[in-house]
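Take a look at the structure set out below.
The values are calculated or read from the model by the stated rules, or taken from the named source; none is laboratory data. Small disclaimer: the values here were computed from a predicted structure and weren't measured. Using ideal geometry, Cβ is built from the backbone for each residue, glycine included, and neighbour counts are taken over all protein chains shown. Accessible surface areas use protein heavy atoms only, side chains included; no ligands, DNA or RNA. Shrake-Rupley method; radii C 1.70, N 1.55, O 1.52, S 1.80 Å.
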Amino acid sequence: MKIYTYSERGIVDSLVYSLNDDELVKKFLILGYPELRNKSLTDINFYLEHSLSEFGSPDLIVTYKLAGKKTVVFIEAKVTNGKKSWTLVRQYEEYRDKVNKPKDITSNFFRQIALKELLIMNKNLAESKGVISKDKRVMGTKEERKLGENEIVLKLFNSIKDADKFDYLGLVPEASQPFFNEEHKELFSRIKYITWAQIKDFAVNNKLQYFIDNFEWNKGLIYNE
């Protein structure tokens, strides 16, 4: 029996289920964080498609410890869905320019990163009073954003909130670098990227057949070859 997945969520699922040991996970993370080469990572955990309530649902969260210190990596995945126009530059321009049209950018790559940063920078308020930002692009139609009372959401939050470091990683069709406005530079310049072409090569080199099969099944939807 073979299981075939579909598009963005499916290709992330097939990647996660192919990274089935710690050494493979480390090799994968090195694609975005080469400084992890020759480092010993422990306590690796994946949180796949978990909700953070009004702060969005990361495609994947990876946590690990390095020298006893915990890192949380928020992973945001995007695919082209067959559109040749998808680029990081266009994603940023859309985010930058839609100040008064937040409904138009709900799934925008950079908005999703900004939502996670809003949560992390306001960890003590997210569970109780709620978080407020002057940036309409992040707030959308809400006056404040909260985690709510869902037991699993809070369990996830409690497992990551005291980490020593928070990183952002994009799995993207291409990684051309936008020119960020000064107000966005500090956050968005911290994002690391792995392209789907890199991931495909990684899968071939490491014989991740389940992922390769699903990548071929979704050919034309993931990135423009």
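Checking the condition among the polar types (S, T, N, Q), in contact with a strand residue (DSSP E or B) (Cβ under 7 Å, 6 or more places away or on another chain), surrounded by fewer than 16 Cβ atoms within 10 Å (Cβ to Cβ) and over 23 Å from LEU125 (Cβ atoms), which residue from ASN38, ASN81, ASN45 passes?
After ruling out the rest, the residue left standing is ASN45.
For segment 52-59, does any single residue satisfy the condition of being open to solvent by 60 Å² or more (accessible area, probe 1.4 Å) and in contact (Cβ under 8 Å) with a residue 40 or more places away in the chain?
no
Looking at GLN177, is it closer than 20 Å to VAL25 by Cα and among the polar types (S, T, N, Q)?
Considered against the rule, which asks whether it is closer than 20 Å to VAL25 by Cα and among the polar types (S, T, N, Q), GLN177 comes out as no.
Quick one: LYS116 ticks every box in (1) in a helix (DSSP H, G or I); (2) modelled with pLDDT of 95 or more; (3) charged (D, E, K, R); (4) more than 18 Å from the chain's Cα centre (by Cα) except a single one, so which number is it?
Condition not satisfied by LYS116: (4).
How about segment 132-170: which of its residues are aliphatic (A, V, I, L, M) and in contact with an Asp or Glu (Cβ under 6 Å, 6 or more places away or on another chain)?
ILE132, LEU147
List pairs: first in segment 166-181 and modelled with pLDDT of 95 or more and open to solvent by 30 Å² or more (accessible area, probe 1.4 Å), second of a type outside the set (Ser, Thr, Tyr) and part of a loop (DSSP other than H, G, I, E, B), Cβ under 8 Å, 6+ apart or cross-chain?
Here the result reads GLU174/TRP86; GLU174/ASN224, each pair linking segment 166-181 to a residue that is of a type outside the set (Ser, Thr, Tyr) and part of a loop (DSSP other than H, G, I, E, B).
Would it be correct to say that LEU115 is touching a residue at least 40 places away in the same chain (Cβ under 8 Å) and more than 16 Å from ILE61 (Cβ to Cβ)?
Against the criterion (touching a residue at least 40 places away in the same chain (Cβ under 8 Å) and more than 16 Å from ILE61 (Cβ to Cβ)), LEU115 does not qualify.
Considering only residues that are buried (at least 20 other Cβ atoms within 10 Å of the Cβ) and either within 15 Å of SER53 (Cβ to Cβ) or over 22 Å from the mean Cα position of the chain (by Cα) (or both), which ones fall in segment 119-137?
LEU119, ALA126, VAL131
Residue under question is LEU66, and the condition is that it be open to solvent by 50 Å² or more (accessible area, probe 1.4 Å) and of a type in the set (A, V, I, L, M, F, W, C); does it hold?
In short, yes.
Can you work out which of the residues in segment 1-57 that are assigned to a loop (DSSP other than H, G, I, E, B) and closer than 29 Å to LEU118 by Cα is farthest from the chain's Cα centre (by Cα)?
Once the filter is applied, the top-ranked residue is TYR33.
Hey, any hits in segment 126-143 for a residue that's touching a Lys or Arg at 6+ places or on another chain (Cβ under 9 Å), part of a helix (DSSP H, G or I), over 30 Å from ARG90 (Cα atoms) and modelled with pLDDT under 95?
Yes, the conditions are met somewhere in segment 126-143.
Kindly indicate the residue of segment 187-218 that is open to solvent by 10 Å² or more (accessible area, probe 1.4 Å) and in a strand (DSSP E or B) and also farthest from VAL73 (Cα to Cα) among those meeting that condition.
Ranking the qualifying residues of segment 187-218, first place goes to THR195.
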